[in-house]
Amino acid sequence: MAADIAAAAGNGERVAPPERPLAAFWATFSENKGAVLGLVIVSAIVLLAILADLVAPYHPNEQFRDAVKAPPVWAEGGSWRFVLGTDGLGRDMLSRLIHGARISLFIGVSVMCVSFVLGVAIGLASAHFGGVVDVIITRTMDLIMAVPGLVLAILVVAVLGPSLPNTIVAVTLVSLPRYVRLVRASALAELSKDYVTAARVAGVGPLRLMLATVLPNCLAPLIIQAALGVSDAILEAAALGFLGLGAQPPISEWGTMLADAREFIRSNPWLVTLPGLAILITVISINLLGDGLRDALDPKMRRS
């Protein structure tokens with residue numbers, strides 16, 4: 001490319017400056033309108049979660065005995081005092097949904113971060129050492145993936161006890177094999193390339209070789225998996241909360257809110273609909289964002 005630019009400059013042609021990586025990334029990402037919409041919605045949800053204490057009209061656990069199961073503002077009997085109504089204990093639904101975003105996103109991001117770090121470490125170790133170590137790691141990951149994710153999460157929580165930290169542990173265990181297998185496959189592909197051989201000949205140590213030479217070239221698929229892993233973790237945690245094995249009341253986690261409201265599904269359907277919509281919108285938005293990241297980070301997906 002440098003030779004082409006020099007030749008064009010020698011011929012008196014006007015040479016356009018090379019496009020910056022960030023600008024190229026955004027140009028490709030913004031072509032996907034769904035991804036841009038997902039980014040806007042996810043950004044709004046994250047902002048609400050961060051500013052929950054300032055944005056929410058009431059404390060999520062504050063009870064209003066004079067307004068138990070009050071309907072939302074658009075329904076008959078609703079009022080602007082409680083825009084989305086109240087639950088069976090008289091707690092404001094809007095406040096609980098906003099604070100629930102903080103809990104659900106915290107679970108999703110925590111699971112993603114822990115799974116990312118452990119997956120990178122175990123996957124690189126498997127690719128580097130090979131042999132018996134690789135066989136033990138891959139067979140262990142296969143064993144974990146052989147059990148349905150929700151069943152394995154229920155088993156872990158049943159052993160550790162239902163709580164928010166144990167939910168994170170259980171969902172992390174379910175998510176870990178995806179990162180390990182992805183890192184291992186990417187690292188094995190990179191280890192066979194010439195630049196890795198050149199680094200070894202230059203005397204680069206094993207730790208630096210894997211972390212500074214190989215890992216940066218494996219990050220694109222990992223970033224995509226991390227984005228999609230957040231939505232998977234939110235769904236798994238909501239499922240555990242709905243079964244009573246996740247975050248325990250009075251924590252305003254969306255799955256727990258669904259579990260508390262299921263007895264009112266016929267008489268007060270908004271109590272179930274609103275947390276369900278919150279989960280649906282968040283998960284779809286994160287998945288749209290992940291699709292945009294895939295298009296922008298994968299050179300094969302870019303338009304010429």
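Exactly one residue out of Ile223, Ile281, Ile234 is of a type outside the set (Asp, Glu), under 20 Å from Val157 (Cα atoms) and assigned to a helix (DSSP H, G or I): that is Ile234.
Would you point out the residue of region 27-48, among those that are in contact (Cβ under 8 Å) with a residue 12 or more places away in the chain and out of contact with any Gly (no Cβ under 9 Å at 6 or more places or on another chain), that is farthest from Val283 (Cα to Cα)? Across region 27-48, the extreme among qualifying residues is Leu48.
Residue count for region 68-101 satisfying the condition of being surrounded by fewer than 16 Cβ atoms within 10 Å (Cβ to Cβ) and touching a Ser or Thr at 6+ places or on another chain (Cβ under 7 Å): 2. Of the helices (runs of 4 or more DSSP H) lying entirely inside region 76-171, those containing at least 1 residues that are within 21 Å of Val283 (Cα to Cα) and among the aromatic types (Phe, Trp, Tyr) span 93-129.
Conditions tested, residue by residue: (1) modelled with pLDDT under 85; (2) surrounded by fewer than 10 Cβ atoms within 10 Å (Cβ to Cβ); (3) not small (Gly, Ala, Ser).
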{"site": "Met1", "(1), (2), (3)": "yes, yes, yes"}
{"site": "Ala8", "(1), (2), (3)": "yes, no, no"}
{"site": "Lys33", "(1), (2), (3)": "no, no, yes"}
{"site": "Ile41", "(1), (2), (3)": "no, no, yes"}
{"site": "Val46", "(1), (2), (3)": "no, no, yes"}
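Filtering Arg266, Arg294 for residues that are of a type in the set (D, E, K, R) and in a loop (DSSP other than H, G, I, E, B) leaves a single hit, Arg266.
If you take the residues in region 204-263 that are of a type in the set (Val, Ile, Thr) and within 20 Å of Ile98 (Cβ to Cβ), which one is surrounded by the fewest Cβ atoms within 10 Å (Cβ to Cβ)? Restricting to residues being of a type in the set (Val, Ile, Thr) and within 20 Å of Ile98 (Cβ to Cβ), the top hit is Ile251. Residue pairs whose Cβ atoms lie under 7 Å apart, separated by 6 or more positions or on different chains, with the first residue in region 111-132 and more than 14 Å from Pro221 (Cβ to Cβ) and the second surrounded by fewer than 21 Cβ atoms within 10 Å (Cβ to Cβ) and of a type in the set (D, E, K, R), are Ser126/Asp134.
So that you can scan it fast, the table gives a plain yes or no per residue for (1) within 28 Å of Pro60 (Cβ to Cβ); (2) of a type outside the set (Asp, Glu):
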| position | (1), (2) |
| --- | --- |
| Asp194 | no, no |
| Thr197 | no, yes |
| Leu207 | no, yes |
| Ala220 | no, yes |
| Asp232 | yes, no |
| Ser252 | yes, yes |
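Output the number of the condition that Ile251 fails; it satisfies all remaining conditions of (1) in a helix (DSSP H, G or I); (2) modelled with pLDDT under 90. All conditions pass for Ile251, except number (1).
The values are calculated or read from the model by the stated rules, or taken from the named source; none is laboratory data. Owing to the predicted nature of the structure, the values given are computational and were not obtained by experimental measurement. All Cβ positions, even for glycine, are placed from backbone atoms using ideal geometry, and neighbour counts span all protein chains on display.
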